[in-house]
Amino acid sequence: MVLSLPLAALAQVPVQDGSTGNGGGNSNAGYGTSGAYAGGGVQTPSTAQGMLFSQLQQMQQDIAQLRGMLEEQQNDIQRLKKESLERYQDLDKRLSSGPATQNSQAAGASNGAGGASVGAGEAGQQASGEPADPAKEKLFYDAAFDLIKAKDFDKASQAFAAFLRRYPNSQYAGNAQYWLGEVNLAKGDLQGASQAFAKVSQAYPQHSKVPDSLYKLADVEIRMGNNDKAKSTLQQVIAQYPGTSAAQLAQRDLQRIR
């Protein structure tokens, strides 16, 4: 029994040391060290991954914002292209009648130039023009009109302005004044177009182009953001020129900007 007692004790030592002895404490400490290392190993990548994830989110937000700005710019470009196309189509439609029809309209309207409705300043300007020469006037007017057909709006604008300075009393002057507004509008000179269209009714109040020029004047005012002026001019077209195509278009546009 005395000899067997130490053997029994020795046999139980590993069990006791593994659970509650110093060996167990060292084992737990070892696991604690391993846990701390593992914890440290996880925390360091976790922090880096968190930073990367945050940066990725920020980049995604920036990309989304840039995409939104790009889409907005593309929409603006498409809108501008559409407006430009509409202006060209409208101009081509008006050109389809050709200068001969425009000239006959000008002759039939008697133009109203030099009448009592023209102010003293305008009369002085007309008096400075060359003597009437219908053949020469027609050549000059047709040459300016051909520049519109060639889509050379800068030169067409210069040609019509020169024609009006040279032949302010011409039977084609009212038409030239109107087309000066059209070419200025086609090349994007809204201020010049506005002045040219307004002058048709001021200098040539009896001309057949007055309703169209007033309608185009309102269109220019809308493009410049002057909706109140545009409404007033559209209402003028409807009231003074009922039954004309300009009045029908004015009625349509008036409903759109209300």
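Of note:
- Listed residue pairs exceeding 21 Å between alpha carbons, taken from K155/K229; K199/K231; K187/K216; K149/K231; K155/K187: K155/K229; K149/K231
- Estimated translational diffusion coefficient (Stokes-Einstein, Kirkwood radius over Cα pairs, 25 °C, 0.890 mPa s) of region 208-257: 241 µm² per second.
- Rounded to the nearest 10 Å², the accessible area of S232 at probe 1.4 Å: 70
- Once Rg and the Kirkwood radius are both taken over the C-alpha atoms of region 156-226, their ratio Rg/Rh works out to 0.96.
- Residue-wise HN-Hα couplings along region 181-190, as the Karplus relation 6.51 cos²θ - 1.76 cosθ + 1.60 with θ = phi - 60° gives them from phi, are x, 5, 5, 5, 5, 5, 8, x, 8, 5 Hz; Gly and Pro carry x.
- Accessible surface for E221 stands near 20 Å², nearest 10, in the context of the full protein assembly shown (1.4 Å probe).
- Order by protection proxy (mean Cβ within 10 Å, highest first), peptides 56-63, 154-161: 154-161, 56-63
- If you take the Cα centroid of region 210-258 and the Cα centroid of region 163-184, the two points sit 22 Å apart.
The values are calculated or read from the model by the stated rules, or taken from the named source; none is laboratory data. Because the structure is predicted, anything quoted here is derived from the model rather than measured. Note that each Cβ is placed from the backbone with ideal geometry, even for glycine, and that neighbours are counted across all protein chains shown. Calculation scope for accessible area: heavy atoms of the full protein, side chains included, ligands and nucleic acids excluded. Shrake-Rupley method; radii C 1.70, N 1.55, O 1.52, S 1.80 Å.
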